[in-house]
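Q: Pasting a structure below so you can have a look.
The values are calculated or read from the model by the stated rules, or taken from the named source; none is laboratory data. Small disclaimer: the values here were computed from a predicted structure and weren't measured. Note that each Cβ is placed from the backbone with ideal geometry, even for glycine, and that neighbours are counted across all protein chains shown. Side chains included, ligands, DNA and RNA excluded: accessible areas come from the protein's heavy atoms. Shrake-Rupley method; radii C 1.70, N 1.55, O 1.52, S 1.80 Å.
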2 protein chains.
Amino acid sequence: MSDGGVATRPATEVVGVELGTRRYDIVIGSGALEELGPRLGELAPGGRVMIVTDENVARCHLERLERALAGHVALAPSVIVPPGESSKCFGELQRVVEEMLDAMLERGDLVVALGGGVVGDLAGFAAAILRRGVRYVQVPTSLLAQVDSSVGGKTGIDTRHGKNLVGAFHQPALVVADTSLLDTLSPREFRAGYAEVVKYGLIDAASFFEWLEGSWREIFAGGPAREQAIAASCRAKSRIVASDERESGQRALLNLGHTFGHALEAATGFSQRLVHGEGVAIGMVLAFGYSVRLGLCKPADESRVRAHLEAVGLPTDLAHIEGDIGDAESLIDHIMQDKKVERGSLTFILARGIGHAFIARNVDAGDVREYLAERLSAR
Amino acid sequence: MSDGGVATRPATEVVGVELGTRRYDIVIGSGALEELGPRLGELAPGGRVMIVTDENVARCHLERLERALAGHVALAPSVIVPPGESSKCFGELQRVVEEMLDAMLERGDLVVALGGGVVGDLAGFAAAILRRGVRYVQVPTSLLAQVDSSVGGKTGIDTRHGKNLVGAFHQPALVVADTSLLDTLSPREFRAGYAEVVKYGLIDAASFFEWLEGSWREIFAGGPAREQAIAASCRAKSRIVASDERESGQRALLNLGHTFGHALEAATGFSQRLVHGEGVAIGMVLAFGYSVRLGLCKPADESRVRAHLEAVGLPTDLAHIEGDIGDAESLIDHIMQDKKVERGSLTFILARGIGHAFIARNVDAGDVREYLAERLSAR
Ligand SMILES: NC(=O)c1ccc[n+]([C@@H]2O[C@H](COP(=O)([O-])OP(=O)(O)OC[C@H]3O[C@@H](n4cnc5c(N)ncnc54)[C@H](O)[C@@H]3O)[C@@H](O)[C@H]2O)c1
Ligand SMILES: NC(=O)c1ccc[n+]([C@@H]2O[C@H](COP(=O)([O-])OP(=O)(O)OC[C@H]3O[C@@H](n4cnc5c(N)ncnc54)[C@H](O)[C@@H]3O)[C@@H](O)[C@H]2O)c1
Ligand SMILES: [Zn+2]
Ligand SMILES: [Zn+2]
């Protein structure tokens, strides 16, 4: 990447997600949005495009996106949903799908999901079921969405039983991660997304984790390290997704910290008390802690994970969650309803150390309950 | 098939739907239901099964199915939806999915759709999106479902914009068509399903159509010809689906009579004024009539199609629909919203004769409107 003063568009990096006939590019870089018009024109010559976004993102970036697309594709009226996890519901799904039908979106047209993971999951799912499948493009605007949710084709909504229990595998046709969009993201949301960046290091890239320990200030401040971290995360996710599109094996590693994390999100009612990445941060520490308890992992590794997440300002302990989160029994109930539960036995992602995560099947629910009870009493 | 007096279970016929890793069997025959228990046990060893059905079918056959499954699989409480097209909606979809989650159905479990096309489309779609995809088994109970909707993996619901506009491709793991279930079907519904049987002859099997002209009385009365007709229809559908699972080409032939038919169903509010197969019957005559108008097809072929459908008691003309169906303009509007419309140009299935249907693209909407106006004025 050049730091020179020449007034050309900054270089973008392209990562391929190799899924045969469903392969697609992830375009990463500051200003990547300006490439979107021509690329959509190529994807859907003569086609129409409908942008789905949320109120916050619309305020900051919708006009810029509409300008970038003007002249390249015909735009249907944009659909704007309320911000937050609560939009991932049947009601909003129906509304978005019906607005697509009102606009007479056809099979050859495109949906553009402009927003964080909520918009990506909702709009992607709506595209998946509209006319049994319309293509969509992810334009992630949160750090979490740029490094995680926009890549891999998992789409869906929540129900009162839990998160992401209803959905489809539907790969995007293109992902464009313009890092300049992150400038308007709140520090809290940026930190939450950073938890997923750390996750890739913890799964199988100890040296990336080490690099993060040294580079996080630069990543949070913006600049080349930020884009490097995002590109490295996309490469990591892309590799795992390409090897296991439907999560029948290794892809489950991406759930590190998520089984505990989802239970905590459920326990806090999917509210602003705990956003997704924060739940994942605590969940990853819990997963390392439980691995230590089972004698699989050195206590020093748990401490190092905790220390790094704490350094950037993420919560790392049940005690960091304000208000009531119920008892160990109710947390286990949330875990049992999670879709990673098969035939009543628990599957967790545990670790033998930093960069050495693995899928542990047949984890004893009773023992996990006891572990959670201990952690709760230390609260 | 043996007519002998030996008290063994009647022979069933098995038709394979060859879709590689998604291949499955269609088991056809009187008493085939009794094979279901062992087969489900094999599909989901130790798994759980949830039956979805409608009130009419539940009254006639639910107990028998539950008895047939007892001892082979664990049954979750059955879900019963109101009968009729209006159950193919977001509200019922959400209810069915949430009942599945209440019952803690997991990825390895099975959904059984016991009913006509409505139950099959709705339960199949619910299975498609539950936890991003759970397997399901079709147990079709209407003639239409046995010869058409249960095979091929198209699932979905309607919206106020039209039929089947929201859905998924999700192949069943097995189809069991027990012809004895048809004994409780009303004559009107049997006739409606018969329209789809005739369709296979009209598409590419003139000799099958000829056989139907001679055998329809026996088919309606029950007996070997009925099972032969159902098996032949399943073979026809299976062959087309295997060659074009996602309807990017030849599968569209199955829409013969359906573009007109759907418009008529929409014009009658998807009510009992016109059931699906009746719309298809009129639609097929309209498609042949329009082919004649374009000079593609002999008038004698149109008459022969009309005569056969009339002989069995199906409606064949707009004049046979009671009450208001709007004008040509509003019928064309319904057609334009249909999902087979691409980039504003109309695609129809037309015919060069009986057994010689083909996909006609770029059909002129104005000319179709005029044709419909003429047919309406003859009403
Ligand atoms: N599909 C997947 O593979 C996958 C993976 C991980 C997470 N997820 C899902 O992602 C969701 C969480 O994503 P998220 O953290 O992005 O949440 P989000 O979409 O709710 O975004 C967080 C908040 O930031 C705002 N925001 C987003 N971008 C902004 C910007 N550039 N400027 C100003 N405000 C902005 C949003 O309006 C929202 O209020 C969860 O629902 C989770 O289940 C999905
Ligand atoms: N998925 C596909 O490929 C496909 C293909 C064709 C049609 N379809 C869909 O199928 C639906 C029409 O199917 P249908 O005609 O079976 O409608 P249906 O499911 O509504 O059944 C018709 C009526 O017969 C009753 N019934 C069904 N089986 C019975 C039995 N054995 N005894 C007594 N009553 C019984 C039902 O309760 C209902 O009242 C439409 O929604 C259509 O869109 C789907
Ligand atoms: Zn996550
Ligand atoms: Zn049909």
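Q: What fraction of the DSSP beta bridges in chain A is antiparallel, stated in percent and rounded to the nearest 5? Could the numbers behind the result be given before it?
A: Details: 16 of 38 bridges.
Restricted to chain A, the bridges split so that about 40 percent are antiparallel.
Q: For a quick protection proxy, order the peptides A:34-40, B:253-259 by their average other-Cβ count within 10 Å, most packed first. Can you show the working numbers first?
A: On the way: A:34-40: 18.1, B:253-259: 24.4.
Ranking, from highest mean packing down: B:253-259, A:34-40.
Q: So, one more: Positive end of the dipole of the protein assembly as shown, charges at C-beta (+1 Lys, Arg; -1 Asp, Glu), about the Cα centre: which of B:GLY193, B:VAL312, A:ILE354 has its Cα farthest in that direction?
A: Sorting the options by dipole projection puts first A:ILE354.
Q: Separate question: To the nearest 20 Debye, how big is the dipole of region B:187-377 about its Cα centre, given +1 on the beta carbon of each Lys and Arg and -1 on that of each Asp and Glu? Kindly include the intermediate steps, with their values, before the conclusion.
A: Numbers: 22 positive and 27 negative charges, 119 e Å.
So the magnitude is around 580 debye.
Q: Over 5 Å intervals from 0, what percent of Cα-Cα pairs in region B:187-377 sits in each interval?
A: Spelled out bin by bin, region B:187-377 gives 1, 8, 17, 22, 21, 17, 10, 4, 1, 0 percent.
Q: Short version: ³J(HN,Hα) in whole Hz for each residue of region B:249-254, in order, from phi by Karplus 6.51 cos²θ - 1.76 cosθ + 1.60 (θ = phi - 60°), x for Gly and Pro, what are they?
A: x, 4, 4, 4, 4, 5
Q: Continuing with this model, one more query. In the full protein assembly as shown, how much of A:LYS298 is accessible to a 1.4 Å probe, in Å² to the nearest 10?
A: 130 Å²
Q: To continue, here is another question. With the label 7 angstrom out along Cα to Cβ, how close does A:GLY16 come to the same site in each of the other copies, in nm, nearest first?
A: 3.5
Q: If ligands, DNA and RNA are left out, what is the accessible area of A:VAL198 with a 1.4 Å probe, given in Å² to the nearest 10?
A: Around 0 Å² of this residue is reachable by solvent.
Q: Run the quick spin-label model on B:ALA319 and A:THR184: label points 7 Å from Cα toward the beta carbon, then report their separation in nm to one decimal.
A: It is 6.3 nm.
Q: Ok, one more. What pairs from B:LYS199/B:LYS298; A:LYS88/A:LYS154; A:LYS154/B:LYS154; A:LYS154/A:LYS199; A:LYS237/A:LYS298; A:LYS154/A:LYS298 go past 24 Å between their alpha carbons?
A: On the way: B:LYS199/B:LYS298 18 Å; A:LYS88/A:LYS154 13 Å; A:LYS154/B:LYS154 21 Å; A:LYS154/A:LYS199 18 Å; A:LYS237/A:LYS298 26 Å; A:LYS154/A:LYS298 33 Å.
Going by Cα-Cα distance, A:LYS237/A:LYS298; A:LYS154/A:LYS298 fall outside the 24 Å limit.
Q: Against the 2.2 N^0.38 Å scaling, with N counting residues, where does the protein assembly as shown land? I'd like the Cα-based Rg ratio to two decimal places.
A: Working: Rg = 28.2 Å, N = 758, 2.2 N^0.38 = 27.3 Å.
Here the answer is 1.03, to two decimals.
Q: Give the relative contact order (percent, whole number) for region A:28-163; include only Cα pairs under 8 Å separated by 6+ residues.
A: On the way: 221 pairs, mean separation 33.2, N = 136.
Taking the mean separation of contacting Cα pairs over the length of region A:28-163, I get 24 percent.
Q: While we're here: Checking an interface number: how much accessible area is buried between A and B, summed over both chains, with a 1.4 Å probe, in Å² rounded to 100?
A: On the way: alone 15420 and 15440 Å², together 27260 Å².
So the buried area, both faces added, is about 3600 Å².
Q: Right, another one. Give the residue from B:ILE282, B:LEU372, B:ALA267 lying farthest towards the positive end of the charge dipole for region B:237-379; charges sit on Cβ (+1 for Lys and Arg, -1 for Asp and Glu) and the dipole is referred to the Cα centre.
A: Ranked along the dipole, the leading option is B:ILE282.
Q: Rounded to the nearest 500, what is chain B's calculated 222 nm mean residue ellipticity when only DSSP H runs of at least 4 contribute -39500 (n - 2.57) each, over all residues?
A: Values: 12 runs with 159 residues, N = 379.
Using -39500 (n - 2.57) per qualifying helix, the result is -13500 deg cm²/dmol.
Q: In the protein assembly as shown, with Lys and Arg counted as +1 and Asp and Glu as -1 at Cβ, which of these residues, A:THR155, A:GLY46, A:THR184, has the Cα nearest the positive end of the dipole, that is, farthest along it?
A: The residue sitting farthest along the positive end of the dipole is A:GLY46.
Q: Once neighbouring chains are kept in place and the probe is 1.4 Å, which whole percent of the accessible area of the protein assembly as shown is contributed by carbon and sulfur?
A: Values: 13490 of 27260 Å².
For the protein assembly as shown, the apolar C and S fraction of the accessible surface comes to 49 percent.
Q: What ranking do A:79-88, A:370-379 get when scored by the average of other Cβ atoms within 10 Å per residue, highest first? Each step should come with its number before you reach the end.
A: Details: A:79-88: 19.7, A:370-379: 14.3.
The most tightly packed comes first, giving A:79-88, A:370-379.
Q: With the contact rule set at Cα under 8 Å and sequence spacing of 6 or more, what percent relative contact order holds for chain B?
A: Normalised by residue count, the contact order of chain B is 14 percent.
Q: Compute the label-point distances linking A:GLU34 to its equivalents in the other copies; points lie 7 Å from Cα along Cα→Cβ; give nm, one decimal, shortest first.
A: From this label point to the equivalent ones elsewhere in the assembly: 7.6 nm.
Q: Over all directions, what mean area does the Cα convex hull of region A:13-183 project, stated in square nanometres?
A: On the way: hull surface 35.0 nm².
With the hull built on Cα positions only, its mean projection is 8.7 nm².
Q: Please list B:ARG131, B:ARG304 from largest to smallest accessible area, probe radius 1.4 Å, with all protein chains kept in place.
A: Details: B:ARG131 5, B:ARG304 85 Å².
Accessible-area ranking of B:ARG131, B:ARG304, largest first: B:ARG304, B:ARG131.
Q: Have a look at chain A and give its Rg and Dmax from the Cα atoms, expressed in angstrom.
A: In order Rg, Dmax, the Cα atoms of chain A give 20.2, 62 Å.
Q: From the backbone phi of region A:180-186, what are the Karplus-calculated ³J(HN,Hα) couplings (6.51 cos²θ - 1.76 cosθ + 1.60, θ = phi - 60°) in whole Hz, Gly and Pro given as x?
A: Residue by residue, region A:180-186 yields 6, 5, 6, 4, 9, 6, 5 Hz.
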